[in-house]
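Inspection log for the structure reproduced underneath, given as structure tokens.
Here, each number is a calculation from the coordinates, and none is a lab measurement. The model shown is predicted, which means the values in this text are computed figures rather than measured ones. Cβ placement follows ideal geometry from the backbone for every residue including glycine, while neighbour counts extend to all protein chains displayed.
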Amino acid sequence: MDARLNLFASPLIGKVLKHFNAAGKVLSESTLPMATQELVKIRASQINGCGFCTDMHTKDATAAGETATRLNLVAAWREANVFTDAERAALELVEEGTRIADAAGGVPDEVWANAAKHYDEEQLAALVALIALINAYNRANVIVQQPAGDYVPGMFG
């Protein structure tokens, strides 16, 4: 399977991705726990049907020491007992933020309040930015049908 457009060879997309990647670096250096960041990226990618990002972020999480049990249960986090209350709040926020078009009025106040119980203002800002950023990556990859499966942790860093 070939992508409709080679995102890695396009000078224009290359410039855009440079900025996306710079934003990602800022977020990776935030106080939002890295495990939470990967869970958020995985869940958004699952919802959006982005195989490329799901492949990338599950492999990155594994390389960082995440367990197979937790990774296998991300899509069913509500029924799983392997996530902390803070992680569950982040997973709920990423679902609502990713499915924003499905929710009249956007993210419910209760979802935001639950996240705010677990994260400080900087971490909430990081969550908002991370959700927006992974959705942008997902959409680009889904639009061009970027193939999944060949990612190797660290290959872009």
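Below 8 Å, C-alpha to C-alpha, sequence gap of six or more: please give me the relative contact order for segment 43-144 in percent.
On the way: 76 pairs, mean separation 41.9, N = 102.
RCO, segment 43-144: 41 percent.
Hey, got the dipole for the chain? About the Cα centre, +1 on K and R Cβ, -1 on D and E Cβ, debye to the nearest 20? Please report the intermediate quantities before stating the final value.
Values: 13 positive and 19 negative charges, 116 e Å.
About 560 debye.
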- Listing Leu39, Leu5 by rising number of other beta-carbon atoms within 10 angstrom, fewest first, gives Leu5, Leu39
- Dipole of the chain, positive direction: furthest Cα of Cys53, Asn72, Phe8, with charges on the beta-carbon: Phe8
- Report, in deg cm²/dmol and to the nearest 500, the calculated mean residue ellipticity at 222 nm for the chain, where each DSSP H run with n ≥ 4 adds -39500 (n - 2.57) and the sum is divided by the residue count. -20500 deg cm²/dmol
- Note on the structure: If Met56, Met155 are placed from fewest to most neighbouring beta carbons inside 10 Å, the sequence is Met155, Met56
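If neighbour count is taken as other Cβ atoms inside 10 Å, put Met34, Met1 in order from fewest to most. Display every interim value, and only then the final one.
Numbers: Met34 15, Met1 8.
Ordered from fewest to most neighbouring Cβ atoms within 10 Å, Met34, Met1 come out as Met1, Met34.
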